[in-house]
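**Q** Handing you this structure, nothing more for now.
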Amino acid sequence: MRKERAHYSREFKIKAVELSNERNSLISVAEELHISRDTLKRWKSDYNSGKFSKEVPSIKNNNKESDEIIRLRRELYEVKLERDILKKAVSIFSKSDR
């Protein structure tokens, strides 16, 4: 039986690369996020070559309320992503304590 291929959002990839850059440890970040070291290495190469834009594309709109909604959705997404990363880290560290 084949394993279904995982798909990751551009924002997840960017956060993973930035996390590996902060820690200077590709292997530990890949293990924490349960992704392959080679995948993270490829994302890092793509990131450095400019294939990932740091900015999330936004809808051109002059309405202040729409701009605020877009900003809040972006912020919520980033907070959820950080929370998920921290949850995985906690589970990894709690396994090593046993």
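The values are calculated or read from the model by the stated rules, or taken from the named source; none is laboratory data. Since the structure is predicted, the reported quantities are computational estimates derived from the model, not experimental observations. Ideal geometry is used to build each Cβ from the backbone, glycine not excepted, and the neighbour counts take in all protein chains shown.
**Q** Within the stretch 39-56, does at least one residue satisfy the condition of being at pLDDT below 85 and among the aliphatic types (A, V, I, L, M)?
**A** Within the stretch 39-56 (the criterion being at pLDDT below 85 and among the aliphatic types (A, V, I, L, M)), the answer is yes, since at least one residue qualifies.
**Q** Identify all residues within the stretch 26-42 that are touching a Lys or Arg at 6+ places or on another chain (Cβ under 6 Å) and of a type in the set (Gly, Ala, Ser); write none if there are none.
**A** Matches in the stretch 26-42: 30 only.
**Q** Inspect the stretch 59-74 for any residue being small (Gly, Ala, Ser) and either at pLDDT 90 or above or not in a helix (DSSP H, G or I) (or both) and give the result as yes or no. So that I can check it myself, show each step before the final result.
**A** If we filter the stretch 59-74 for residues that are small (Gly, Ala, Ser), which is where we start, we get 66.
Next, only the ones that are either at pLDDT 90 or above or not in a helix (DSSP H, G or I) (or both) stay: none.
The answer is no, given that none of the residues of the stretch 59-74 is small (Gly, Ala, Ser) and either at pLDDT 90 or above or not in a helix (DSSP H, G or I) (or both).
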